[in-house]
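Taken together, the values in this text are just the output of simple stated rules run on the coordinates, not laboratory data. Note that this is a predicted model, so its numbers are computed, not measured. FYI the Cβ positions are ideal-geometry reconstructions off the backbone, even for glycines, and counts take in every protein chain you see.
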Amino acid sequence: MRKLVSLSAVAPLAFAASAVLFAATADAASPQTAPATTSVDVVRTADVTMVVSHSYAHLRKEPNTKSDVLATLKKGTKVDVIEKVAGGKWAHVKVDKFDGYVAISLLK
């Protein structure tokens, strides 16, 4: 035995579903919602406190070993991590009045 379904009951649901799919597709293709690209690998973190785990760590102006040293941090110094950069090898940190970079390997 076949069941008859009225098209007037199905049509509004089909239209509503296609409208939702169309809107989602339009949003995904919208140039205003395209993610920004950067040339630096940046991983934002919530403000996390870490501690210098080696005898000292250099706080540097840029995330590389050739950058100027802003301060030398002693073992046990607490730093507030703002973000991880350079493939996760460096931490952008804030300590006292300084804002710079420390190698992640020197923190715990």
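Scanning segment 57-68 for residues that are surrounded by 12 or more Cβ atoms within 10 Å (Cβ to Cβ) and more than 12 Å from LYS108 (Cβ to Cβ) gives HIS58, LEU59, ARG60, LYS61, GLU62, PRO63, ASN64, SER67.
Filter segment 51-80 for residues that are among the aliphatic types (A, V, I, L, M) and out of contact with any helix residue (DSSP H, G or I) (no Cβ under 9 Å at 6 or more places or on another chain) and give the result.
Start the filter on segment 51-80 by keeping residues that are among the aliphatic types (A, V, I, L, M), which leaves 51-52, 57, 59, 69-71, 73, 79.
Listed by number, the residues that qualify are VAL51, LEU59, VAL69, LEU70, ALA71, VAL79.
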